[in-house]
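Beneath this line is the structure, given in structure tokens, with notes to follow.
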Amino acid sequence: MRLLFPPISLLLALGIPAAVDSFTHPQSNSHHNVHNALSSLSRTAGASPSTSTTLYAKKKKKNTPKDAALAALDALDEPSAPAASSGGAAVATLDFLEEDEPLSKKDQMALEKKRQKEAKKVKNDQDRAANAEKEEMDKNKRKKALKALAEMEAMEKGTGTVNNSDDDDADEAGPPLSKKEQKMAAKKAAKDAEKNAKKLKKKQAKNLGISVEEYEKREEAGELDLDVAAGDDTQVNGDATADAASPAAPEEKKKGLTAEERIRKDRPPPRIRIMESSQPDYTALRLENIAITFRDQPVLKSATWGVQTGDRIGLVGANGAGKTTQLRILAGELEPTAGDVIKSHKDIRVAMLRQEFVDEIIMTRSLRDEFKSVFTEEAEIMDQLAVAEKELEGMTGNEDDAKAMQEVLDRMAKLQAKADAKNVNALDSRVSKIMDLMGFEQEEGDYEVSMFSGGWKMRIGLGKVLLKDPNILLLDEPTNHLDLESVEWLEAFLRNQNIPMVIVSHDREFLDQVCTKIVDAEGGICTEYQGNYSNFMGLKKTRMDSWNASYNAQEKKIKEERSWIQKWKLKQPQAAKQRAAQLEKQKNSDDYVQKPPFSGKPFRFRFPPAPRLSPEVAEVKGLSHGYGDGANPLFEDTDLFVEKSDRIAVIGSNGAGKSTLLRILMGKEEPDKGSAGVIGQNVFPVYFEQNQADVLDLNKSVVDTVQGASSRESYNELRALLGQFLFKGDAVDKKVENLSGGEKARLSLCCMMLKESNLLILDEPTNHLDIPAKEMLEEALQHFDGSVVVISHDRYFISKVATTIVAIEDKKLVKYGGDYKFYMDKSKAFKAKVEARYFSGGARIGAAPLIDLEVLNPPKKKNFGGAKTANLVTRKDKGVKNAKRDAKPK
């Protein structure tokens, strides 16, 4: 009996515990007891967790009684299913308990490798199954979307049905689409329809030989010939017709926020604030973080600066930088998109002299009446008093009129009180005082305003502004139309005023003489510099050099950091990720140095080639002319001759008759005596007038104005030309009335380029132009191969353009055969006066550049046919005939 136990234990270890039941002898109860004990032992061992963590190798088999027992067990029948299921876990555990020899390290590694391989195989099978399932789902979704699209197209055509007989896959799409899937399909259909409509429009525009923009404009105006536009092929992408221009779904795309809406969303609304504590004699006006947009284009982003008592501020910057816009905000005429306007007190008075102040002047008024037109409230009070006096004169004094008379007298008493408060009786003395301050004689008060020149009209405008008794004075380009004497008078006048003022001007010498502080508007941001214009140029150069150096050093460091991240992102991913995050954090921090503003490419253009010109161009002969029935003579029996390739600058003081001379040459004004005009053959003159607002149609857009001046250029060519004049994008749709003075001048120059000309007559073309624009015009005139007659008070501009000077002296036209430097050298006093105005870092007047246009643009040789190398053959043995001739014996 003892020999039976080891085989039974072995059987249990081999995983066939059910064989123990079959091995039990029917006549031996002890065998049955042993089986029960072993079953109990196996259940207890199966609960022990420690036995499942160690692997043991099987012992080497020996010829023992156990072998015989095992052989006998092999011969037994297979165990029943219930017996096998009842003790499987326990027997597996006993298998490990019975094995006392551990596996080798090599076997363990092989076993582990096998297990990982099987796990990887299972995972790959699962991934393939998941991908296949996903592809099937995507395929079904696509089938559903296509089916929905077909249904919608059928509904649009009015059939309401879809024929899916040719598409077997569509039948397998499954149930109807959900709302979300229908919406997605509708959006896709609308997008495809819009794309096809654009392609069709482009194709039709190409058939008409016009641009897409011109096609759209004609389509809106109903001027399209659809038969020609459609051409031979009315399809786009094979099956999309013009009907595809209408979207399949009625849903409209949500438009993005405009620049103004974004600013209003991110920042608080604009406010007007009053300083809490300010002295009675202290005046201040300040802009704080001002932002403003026009036509979805930001003009100012964050303008912060202010003017106070004792300040004479020069506001400088390129055309379109927002200088005039800031003046209008200070004057209360324009509300910013965001930011604060801070005032020293509530009832502050701000007066502004505009660029186009001439538009506010009525030419038929007398000088005195024009000055009085400022007092609108006082004039209304006086008119009401005059009406009341006439009513009193019409009353008879009867008892019936007593009540009405009393009402009129009461009204007159109230009006008289208002008149006394306004000091109406002192208006004439105030006008006389301002006339004397502006340099007018008292007898000139009865002259019509039209009799005065542009410089004296500027004095009229400035006098009207000062009559308003302002606390702050705003001057927008006050030196336009002024000669040297008038500019010096204005400089002295402004320096003697105690009124805080802001001046916008491109005259650097004027700013250097007047201003105590400079505000530079660039890139939508304003920067303050203490001192005059000379100090400003030095301080700005230092600041920009430092800014560029800091930015370049920062960008170099960022480039090195990015290079390191790119190099080590695979070998050290964690470190590369951390350094990339630090780099991104640095770029979003306040310490990050922004890119300095870049002025861009210089503005450059050339006038069209001038047609062939005769030697004589224009002539002034025996000219006598004046105003006021001879009371104000301008010219007395004077002569002038203009020849081919002359570049003449007409100079003289304000009121000398420079603009009048050009108007007479162009036939816009008849002379009192003598003659003046164009005499040459094949002369095509172009006249650039002094005030562009008087010439341009203010109700037209920029592109419409240029199209009106064009005769043969296409729309695309005009857009390219406007781009050269800095009118890009939405700027071409701006109304002329919304343009600044500099933009109007550029627009007029652009229109002048479209006209064929060989004689340019320019009346102060540099007014309202910034420094880069003036330099552009200088270069263009230097390369113009026709004749030029120009008026300008910009001495540096004249020195670059003119090769001949014509001065109006003692009512005569005196011609100097040299440039402006030659003219200055003729008078030592005048030369000293001009050179005294030079400032540090500013330009100096030198000799006019000599440009040989025949060398730059050599004439093309005419080709009359024949070989290009005719008469150039020098080898006598070249050619067949020459070779035969040389081969003959002599």
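Below are the figures for this structure:
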read-out: Qualifying residue in segment 613-630 (condition: charged (D, E, K, R), assigned to a loop (DSSP other than H, G, I, E, B) and over 20 Å from Met363 (Cβ atoms)); value: no
read-out: Residue under evaluation Gln582, criteria (1) without any contact (Cβ under 8 Å) to a residue 40 or more places away in the chain; (2) open to solvent by less than 70 Å² (accessible area, probe 1.4 Å), criterion not met; value: (2)
read-out: Matching entry among Asp347, Asp369 (being of a type in the set (Asp, Glu) and under 38 Å from the mean Cα position of the chain (by Cα)); value: Asp347
read-out: Residue that is within 30 Å of Gly322 (Cα to Cα) and of a type outside the set (Phe, Trp, Tyr), where the choices are Leu665, Leu640, Leu661, Leu726; value: Leu726
read-out: Conditions (1) closer than 30 Å to Phe684 by Cβ; (2) touching a residue at least 12 places away in the same chain (Cβ under 8 Å); (3) not hydroxyl-bearing (Ser, Thr, Tyr); number of the one not met by Val814; value: (2)
read-out: Residue selected from segment 817-843 under the condition outside any helix (DSSP H, G or I) and without any contact (Cβ under 8 Å) to a residue 24 or more places away in the chain, by the criterion nearest to the chain's Cα centre (by Cα); value: Ala836
read-out: All helices (runs of 4 or more DSSP H) inside segment 323-433 with 1 or more residues being more than 28 Å from Thr293 (Cα to Cα); value: 367-372, 376-393, 402-422
read-out: Single condition Ala303 does not satisfy, out of (1) open to solvent by less than 50 Å² (accessible area, probe 1.4 Å); (2) farther than 24 Å from Tyr533 by Cβ; (3) of a type in the set (A, V, I, L, M); value: (2)
read-out: Selection count where residues are of a type in the set (Val, Ile, Thr), in contact (Cβ under 8 Å) with a residue 40 or more places away in the chain and buried (at least 22 other Cβ atoms within 10 Å of the Cβ), scope segment 729-770; value: 1
read-out: Set Leu367, Leu330: member being in contact with a Leu (Cβ under 9 Å, 6 or more places away or on another chain) and either open to solvent by less than 20 Å² (accessible area, probe 1.4 Å) or modelled with pLDDT of 90 or more (or both); value: Leu330
read-out: Residue in segment 636-644 that is touching a helix residue (DSSP H, G or I) at 6+ places or on another chain (Cβ under 8 Å) and within 24 Å of Val686 (Cα to Cα) present; value: no
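Every residue, every condition in (1) under 24 Å from Gln497 (Cβ atoms); (2) open to solvent by 40 Å² or more (accessible area, probe 1.4 Å), yes or no:
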site: Val387; (1), (2): no, yes
site: Glu393; (1), (2): no, yes
site: Asn398; (1), (2): no, yes
site: Val408; (1), (2): no, no
site: Arg411; (1), (2): no, yes
site: Lys418; (1), (2): no, yes
site: Lys433; (1), (2): yes, yes
site: Gly439; (1), (2): yes, no
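Residues checked against (1) under 25 Å from Ile525 (Cβ atoms); (2) touching a residue at least 24 places away in the same chain (Cβ under 8 Å); (3) not basic (Lys, Arg):
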{"position": "Leu315", "(1), (2), (3)": "yes, yes, yes"}
{"position": "Ala318", "(1), (2), (3)": "yes, yes, yes"}
{"position": "Leu327", "(1), (2), (3)": "yes, yes, yes"}
{"position": "Asp347", "(1), (2), (3)": "no, no, yes"}
{"position": "Ile361", "(1), (2), (3)": "no, yes, yes"}
{"position": "Ser373", "(1), (2), (3)": "no, yes, yes"}
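The values are calculated or read from the model by the stated rules, or taken from the named source; none is laboratory data. This structure is a prediction, so every number in the text was calculated from the model and none was measured. Counting neighbours? That spans all protein chains shown, and the Cβs are built from the backbone with ideal geometry, glycine included. For the accessible areas, the whole protein counts, side chains as well, though only heavy atoms, and no ligand, DNA or RNA atoms are used. Shrake-Rupley method; radii C 1.70, N 1.55, O 1.52, S 1.80 Å.
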